[in-house]
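The values are calculated or read from the model by the stated rules, or taken from the named source; none is laboratory data. Since the model is a prediction, treat every value here as computed from it, not as a measurement. Don't worry about glycine lacking a Cβ; one is built from the backbone with ideal geometry, like all the others, and counts go over all protein chains shown.
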């Protein structure tokens, strides 16, 4: 049997670079630790959908810009 599950990979790190923002800046905006943002940027952990929406708002992008399915 084949596994049809999709893997969610975020593009937070790439989008931060494109918008010339730092993970420290995002941590301050969201009230999160830099370690949390680092785990999100490295795809070790994923933010919740609500957190994705907040990130999209802070960066001025559509939430779909931040999420990629593999």
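Condition check: within 18 Å of residue 6 (Cβ to Cβ) and surrounded by 15 or more Cβ atoms within 10 Å (Cβ to Cβ). Does residue 54 satisfy that? Spell out the reasoning first.
Details: within 18 Å of residue 6 (Cβ to Cβ): no; surrounded by 15 or more Cβ atoms within 10 Å (Cβ to Cβ): yes.
Answer is no for this residue.
Taking the criterion of being in contact with a helix residue (DSSP H, G or I) (Cβ under 9 Å, 6 or more places away or on another chain), more than 11 Å from residue 66 (Cα to Cα) and surrounded by fewer than 17 Cβ atoms within 10 Å (Cβ to Cβ), the residues of region 1-26 that qualify are 18, 19, 21, 22, 24, 25. Note on region 31-48: among residues that are surrounded by fewer than 17 Cβ atoms within 10 Å (Cβ to Cβ) and touching a residue at least 12 places away in the same chain (Cβ under 8 Å), the one that is farthest from residue 20 (Cα to Cα) is 46. The number of residues in region 1-23 being over 16 Å from residue 54 (Cβ atoms) and modelled with pLDDT of 95 or more comes to 6.
In summary, residue 64 fulfils each of the numbered conditions (1) assigned to a loop (DSSP other than H, G, I, E, B); (2) surrounded by fewer than 15 Cβ atoms within 10 Å (Cβ to Cβ); (3) free of Cβ contacts under 8 Å to residues at least 24 places away in the same chain with the single exception of condition (1).
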